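Student: Have a look at the structure that comes next, please.
The values are calculated or read from the model by the stated rules, or taken from the named source; none is laboratory data. Please read all numbers here as calculations on a predicted model, not as lab measurements. Glycine gets a Cβ as well: all are built from the backbone with ideal geometry, and neighbour counts include every protein chain shown.
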Amino acid sequence: MTEKTAQQAAAPVPSDHIMGVYQRAPLAFERGEGARLYTTDGEAYLDCMAGIAVNALGHANPKLVQALKDQAEKLWHTSNIFTIPGQEKLATMLTEATFADVVFFGNSGAEAIECAIKTARKHHWANGNPERIDIIGFEGSFHGRTLAAVNASGNASYLEGFGPKMPGFIQLPFDDLEAIKAAVGDTTAAIILEPVQGEGGARAWTDATLRAIRQLCDETGTLLIYDEIQCGLGRTGRLFAYEWLDGAADPDIMAVAKALGGGFPVGACLATARAANGMTPGSHGSTYGGNPLAMAVGIAAVQELTKPELLAHVREVAGYFNQQFTGLKDRFPDVVVDIRGKGLLIGVQLATPNREFMQHARDEHLLIAGGGENCVRLLPPLNLTLDEAREAIEKFERACETARDRAKAAA
Ligand SMILES: *Cc1c(COP(=O)(O)O)cnc(C)c1O
């Protein structure tokens with residue numbers, strides 16, 4: 001156990017009335033600006049997790065704030081039984097920028113995944129193959145917390161206690177093409193994967209496997225679903241991570257959320273017209289999904305996230321981080337085991353417990369996320385400046401020193 005710092009002692013006591021599904025850090029923030037978060041007692045933190053890749057344009061981004069304010073004074077909500085001009089506009093922006101022809105808007109990542117799974121199954125049903133229901137997912141994946149999403153990822157700890165595993169979901173090892181070839185058959189509907197796994201510890205699929213999966217899907221009529229909820233919208237230095245394959249492994253369906261609203265809850269399921277052929281009137285819906293408030297913020301966010309200069313900036317900052325973290329790995333071999341991920345979805349695999357390391361980082365006023373395989377993840381705002389990146393490295397280095405000294409003292 002680490003000692004309580006002054007800020008922690010002053011932090012509000014967690015409520016007894018919140019369902020206890022999170023182990024929360026004893027820190028509460030009241031204000032943010034760019035990559036800075038300020039606690040209720042005025043302490044500044046450098047935010048290199050950005051609400052787990054949500055605040056991709058930083059906190060209180062003036063363009064997003066203005067878009068929300070302007071819309072808030074006009075119209076919040078109507079209903080999906082009416083035409084919503086903001087939806088038409090954002091869907092046009094997203095389809096022009098991607099493989100997709102059509103978009104369904106929801107309120108979260110898990111809902112985008114639900115829509116993706118339903119779209120895939122309904123496609124086969126509409127094409128006269130109702131037996132094709134199996135969704136193939138992978139170890140270390142994370143697709144959200146609804147029942148279908150936890151079944152699709154197959155992570156045992158998220159499934160335990162929630163009744164029988166649903167039929168039609170298969171979990172395979174990560175990046176194992178032979179296992180995939182053996183598993184795809186007459187009842188396969190779709191393969192679902194994150195081109196760069198987030199929660200699983202910032203693991204990127206190899207290009208060769210993604211290309212082979214796309215080819216296998218084409219040969220077998222299997223639909224390919226990408227979950228780019230975390231790795232998409234600029235995070236890897238291209239607008240979507242699949243673009244790094246230059247058209248050789250485009251998906252048929254894709255789930256997007258997180259950065260799409262920059263903190264306003266919004267998600268989207270993108271699909272080709274062919275894949276979405278079963279999604280006819282009445283087959284799916286949402287009360288709030290794509291309401292005018294969400295669309296106003298989403299349009300402003302996508303206008304910023306698609307700017308070539310922002311994507312170039314991501315690649316530059318990512319290059320700096322990669323070089324620096326490689327240096328830290330050399331200098332702290334007893335702490336840093338591996339550097340992984342892509343762009344500004346950075347995973348640092350540790351030899352010391354990652355939960356403790358996150359506390360060491362917080363003691364330096366640096367906020368980072370955890371991840372699978374004993375990683376910590378850095379998911380900073382995409383407009384993090386190089387000066388802020390330097391500051392993050394200095395703080396991270398001091399956290400490495402603390403972790404190393406503690407490991408030595410314990411040995
Ligand atoms: C966050 C996340 C989800 C779930 O999104 P929610 O908005 O929490 O439902 C799904 N997939 C990936 C890859 C994510 O990072």
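Results for (1) buried (at least 16 other Cβ atoms within 10 Å of the Cβ); (2) more than 18 Å from Ile225 (Cα to Cα); (3) more than 15 Å from the ligand (Cβ to nearest atom), shown as yes or no for each residue.
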residue: Glu131; (1), (2), (3): no, yes, yes
residue: Ile136; (1), (2), (3): yes, no, yes
residue: Gly140; (1), (2), (3): yes, no, no
residue: His143; (1), (2), (3): yes, no, no
residue: Ala148; (1), (2), (3): yes, no, no
residue: Ala156; (1), (2), (3): no, yes, yes
residue: Gly161; (1), (2), (3): no, yes, yes
residue: Met166; (1), (2), (3): no, yes, yes
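Student: Hey, could you check region 85-115 for residues that are among the aliphatic types (A, V, I, L, M) and either in contact with a Phe, Trp or Tyr (Cβ under 9 Å, 6 or more places away or on another chain) or without any contact (Cβ under 8 Å) to a residue 12 or more places away in the chain (or both) and say which is nearest to the ligand (Cβ to nearest atom)? Working first, answer last.
Tutor: Going through region 85-115, the residues among the aliphatic types (A, V, I, L, M) turn out to be 90-91, 93-94, 97, 100, 102-103, 110, 112-113.
Narrowing the set further to residues that are either in contact with a Phe, Trp or Tyr (Cβ under 9 Å, 6 or more places away or on another chain) or without any contact (Cβ under 8 Å) to a residue 12 or more places away in the chain (or both) leaves 90-91, 97, 112.
Numbers: Leu90: 17, Ala91: 19, Ala97: 19, Ala112: 8 Å.
Here the residue is Ala112.
Student: Search region 246-266 for residues being of a type in the set (A, V, I, L, M) and more than 16 Å from Leu311 (Cα to Cα), and hand back the single one that is farthest from the ligand (Cβ to nearest atom). Steps first, answer last, please.
Tutor: Here is the first cut: in region 246-266, the ones of a type in the set (A, V, I, L, M) are 248-249, 253-257, 259-260, 266.
This time we only want the ones that are more than 16 Å from Leu311 (Cα to Cα), so: 248-249, 253-257, 266.
Working: Ala248: 22, Ala249: 17, Ile253: 14, Met254: 11, Ala255: 7, Val256: 10, Ala257: 5, Val266: 9 Å.
That would be Ala248.
Student: On the basis of being farther than 29 Å from Gly290 by Cβ and modelled with pLDDT of 95 or more, does Glu111 make the cut? Walk me through it before giving the result.
Tutor: On the way: farther than 29 Å from Gly290 by Cβ: no; modelled with pLDDT of 95 or more: yes.
No, not satisfied.
Student: So, one more: Pick from Asp246, Asp252: which is in contact with a Leu (Cβ under 6 Å, 6 or more places away or on another chain), closer than 18 Å to Ala100 by Cβ and among the charged types (D, E, K, R)?
Tutor: On the way: Asp246 fails: in contact with a Leu (Cβ under 6 Å, 6 or more places away or on another chain).
The match here is Asp252.
Student: Going residue by residue through region 179-190, is there one that turns out to be within 27 Å of Ile368 (Cβ to Cβ) and crowded, with 23+ Cβ neighbours inside 10 Å?
Tutor: no
Student: Quick check on this structure: which one of Thr146, Thr209 is hydroxyl-bearing (Ser, Thr, Tyr), farther than 16 Å from Ile113 by Cα and touching an Asp or Glu at 6+ places or on another chain (Cβ under 9 Å)?
Tutor: Answer to the selection: Thr209.
Student: If Glu316 passes every condition in (1) in contact with an Asp or Glu (Cβ under 6 Å, 6 or more places away or on another chain); (2) not assigned by TED's automatic domain parsing to the domain that holds Ala183 but one, which one does it miss?
Tutor: Evaluating Glu316 over (1) in contact with an Asp or Glu (Cβ under 6 Å, 6 or more places away or on another chain); (2) not assigned by TED's automatic domain parsing to the domain that holds Ala183 leaves (1) as the failure.
Student: Quick test for you: out of Ala25, Ala6, pick the one residue that is modelled with pLDDT under 95, within 24 Å of the chain's Cα centre (by Cα) and closer than 23 Å to Glu391 by Cα.
Tutor: Answer to the selection: Ala25.
Student: Further question: For the list (1) surrounded by fewer than 24 Cβ atoms within 10 Å (Cβ to Cβ); (2) within 30 Å of Gly201 (Cβ to Cβ), I need the number of the one condition that Met279 fails.
Tutor: Result: Met279 fails condition (2) only.
Student: Out of Thr209, Thr187, which single residue is more than 16 Å from the ligand (Cβ to nearest atom), in contact (Cβ under 8 Å) with a residue 12 or more places away in the chain and out of contact with any helix residue (DSSP H, G or I) (no Cβ under 8 Å at 6 or more places or on another chain)?
Tutor: Details: Thr209 fails: out of contact with any helix residue (DSSP H, G or I) (no Cβ under 8 Å at 6 or more places or on another chain).
Just one listed residue meets the conditions, Thr187.
Student: Scanning for something outside any loop (DSSP other than H, G, I, E, B), surrounded by fewer than 18 Cβ atoms within 10 Å (Cβ to Cβ) and touching a Ser or Thr at 6+ places or on another chain (Cβ under 9 Å), does region 363-373 turn up at least one residue?
Tutor: Yes, that holds for at least one residue.
Student: I'm trying to understand the selection: among the residues of region 258-270, which are over 19 Å from Thr92 (Cβ atoms) and not in a helix (DSSP H, G or I)?
Tutor: Within region 258-270, Gly262, Gly263, Phe264, Pro265 qualify.
Student: Which condition from (1) in a helix (DSSP H, G or I); (2) not assigned by TED's automatic domain parsing to the domain that holds Gly109 is the one that Thr352 breaks?
Tutor: Thr352 satisfies all of (1) in a helix (DSSP H, G or I); (2) not assigned by TED's automatic domain parsing to the domain that holds Gly109 except (1).
Student: Among the candidates Ala296, Ala301, Ala312, Ala273, single out the residue that is closer than 26 Å to Ser141 by Cβ and either part of a helix (DSSP H, G or I) or in contact (Cβ under 8 Å) with a residue 40 or more places away in the chain (or both). Steps first, please.
Tutor: Details: Ala296 fails: closer than 26 Å to Ser141 by Cβ; Ala312 fails: closer than 26 Å to Ser141 by Cβ; Ala273 fails: closer than 26 Å to Ser141 by Cβ.
Going through Ala296, Ala301, Ala312, Ala273 in turn, just one is closer than 26 Å to Ser141 by Cβ and either part of a helix (DSSP H, G or I) or in contact (Cβ under 8 Å) with a residue 40 or more places away in the chain (or both): Ala301.
Student: In region 198-243, what residues are touching a Leu at 6+ places or on another chain (Cβ under 9 Å) and assigned to a strand (DSSP E or B)?
Tutor: Result: Ala204, Leu224, Ile225, Tyr226, Asp227.
Student: Here are some residues: Leu193, Leu223. Which one is crowded, with 23+ Cβ neighbours inside 10 Å and more than 14 Å from the ligand (Cβ to nearest atom)? Can you show your working first?
Tutor: Values: Leu193 fails: more than 14 Å from the ligand (Cβ to nearest atom).
Criteria check complete, one pass: Leu223.
Student: Looking at (1) more than 19 Å from the chain's Cα centre (by Cα); (2) more than 16 Å from the ligand (Cβ to nearest atom); (3) not in a strand (DSSP E or B), can you tell me which one Ala318 breaks?
Tutor: The one condition Ala318 does not meet is (1).
Student: With Leu310, Leu328, Leu379 as the choices, which residue is under 19 Å from the mean Cα position of the chain (by Cα), of a type in the set (A, V, I, L, M) and either farther than 30 Å from Phe240 by Cα or surrounded by fewer than 21 Cβ atoms within 10 Å (Cβ to Cβ) (or both)?
Tutor: Details: Leu328 fails: under 19 Å from the mean Cα position of the chain (by Cα); Leu379 fails: either farther than 30 Å from Phe240 by Cα or surrounded by fewer than 21 Cβ atoms within 10 Å (Cβ to Cβ) (or both).
Sole residue among the options that is under 19 Å from the mean Cα position of the chain (by Cα), of a type in the set (A, V, I, L, M) and either farther than 30 Å from Phe240 by Cα or surrounded by fewer than 21 Cβ atoms within 10 Å (Cβ to Cβ) (or both): Leu310.
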